[in-house]
Amino acid sequence: MNQMRSELISDPPLAGSYTPRHGDLCVAIFSVDSNWYRAKITKIHKDTGLIDVLFVDFGNSASVSSSDLAQLSHQFSSLPSAAQECKLAFIVPPEDDDWKQDAMSELQVLANAKLVLTIVAKVAGVDFVSLSSNGTDIATHLLSSGLVEYEKQKNRNRYGSLMSQYESALNDARKNRRNRFQYGDFTKMTPRSSGTPNSQMITRVVPGCFNLHQFYKHIY
């Protein structure tokens, strides 16, 4: 990874010589520092000419022009991404944009600290995780605040403790009519099955590069 960064800085690729294709791994200029980084093309906007990319070693996204993209050297295309996608385990964000923004604001406050991550399950290759900030479980806090919901899981042997924790937090929000519960109970949750748990602790995520749907953790 260090070799790649050194080469991209000392010998930057030729911009504008690359034809972007959806799903391609390439290199893109990050506008904040004008340096080249590995990126995956996630969407091509034919109407505007902009291309959405995910910087796979950091987890943040951007919309760039095709002139800010270039071919990735073959020797660096097989390196594993240094950021891996995660989701808060079984948490369902609000559909309403205003409540979603409130939940995001609360999440960002909690994430402005050293975080501890625990893998709860792996679903379709994505880690479902719990996050704690200064001893506070983030998902439980958001539930207790009446800002999010959760998907009940059928497998009580595997997820019983977590489901009980979530339900207690949600009941607390109902009882105290916090935020979305101020006018009564709106929740309709159906139990679902999920993947296999694979608990593991790490101590660094990318707090500036995640939302209520997903975020990324750094792998070293």
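The values are calculated or read from the model by the stated rules, or taken from the named source; none is laboratory data. Worth saying up front: this structure is predicted, and the values here are computed from it rather than measured. Neighbour counts run over all protein chains shown; Cβ positions are idealised from the backbone, glycine included. Heavy atoms of the whole protein, side chains included, go into the accessibility calculation; ligands, DNA and RNA do not. Shrake-Rupley method; radii C 1.70, N 1.55, O 1.52, S 1.80 Å.
Starting from region 115-134, take each residue that is closer than 18 Å to Met163 by Cα and free of Cβ contacts under 8 Å to residues at least 40 places away in the same chain and list its partners that are of a type in the set (Ser, Thr, Tyr) and part of a strand (DSSP E or B), counting only C-beta distances under 8 angstrom and pairs at least six apart or across chains.
Ser132/Thr118
Conditions (1) under 12 Å from Ala89 (Cα atoms); (2) open to solvent by 30 Å² or more (accessible area, probe 1.4 Å), marked per residue:
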position: Val123; (1), (2): yes, yes
position: Ser133; (1), (2): no, no
position: Ile138; (1), (2): yes, no
position: Glu149; (1), (2): yes, yes
position: Ser168; (1), (2): no, yes
position: Asp172; (1), (2): no, yes
position: Asn176; (1), (2): no, yes
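Which of the residues spanning region 58-104 are acidic (Asp, Glu) and either under 29 Å from Ser144 (Cβ atoms) or modelled with pLDDT under 90 (or both)? Before the answer, list the steps.
To start, the set of residues in region 58-104 that are acidic (Asp, Glu) comprises 68, 85, 95-98, 102.
Answer for region 58-104, where residues must be acidic (Asp, Glu) and either under 29 Å from Ser144 (Cβ atoms) or modelled with pLDDT under 90 (or both): Glu85, Glu95, Asp96, Asp97, Asp98, Asp102.
Return the total of residues in region 122-152 being among the hydrophobic types (A, V, I, L, M, F, W, C), within 15 Å of the chain's Cα centre (by Cα) and modelled with pLDDT of 90 or more.
Quick first cut of region 122-152, residues among the hydrophobic types (A, V, I, L, M, F, W, C) only: 123-124, 126, 128-129, 131, 138-139, 142-143, 147-148.
Still in the list and also within 15 Å of the chain's Cα centre (by Cα): 123-124, 126, 128-129, 131, 138-139.
Filter once more, keeping what is modelled with pLDDT of 90 or more: 128-129, 131, 138-139.
Selection size over region 122-152: 5.
Based on what the data block shows, is Arg21 at pLDDT below 90 and among the basic types (Lys, Arg)? Steps first, answer last, please.
Numbers: at pLDDT below 90: no; among the basic types (Lys, Arg): yes.
When the stated conditions are applied, Arg21 does not pass them.
For region 19-46, give me the residue count where each residue is in contact with a Leu (Cβ under 6 Å, 6 or more places away or on another chain) and either assigned to a loop (DSSP other than H, G, I, E, B) or among the hydroxyl-bearing types (Ser, Thr, Tyr) (or both).
2
Taking Ser31 as meeting all but one of (1) at pLDDT below 90; (2) surrounded by fewer than 16 Cβ atoms within 10 Å (Cβ to Cβ); (3) not acidic (Asp, Glu), write down the number of the exception.
With respect to (1) at pLDDT below 90; (2) surrounded by fewer than 16 Cβ atoms within 10 Å (Cβ to Cβ); (3) not acidic (Asp, Glu), Ser31 is out only on (1).
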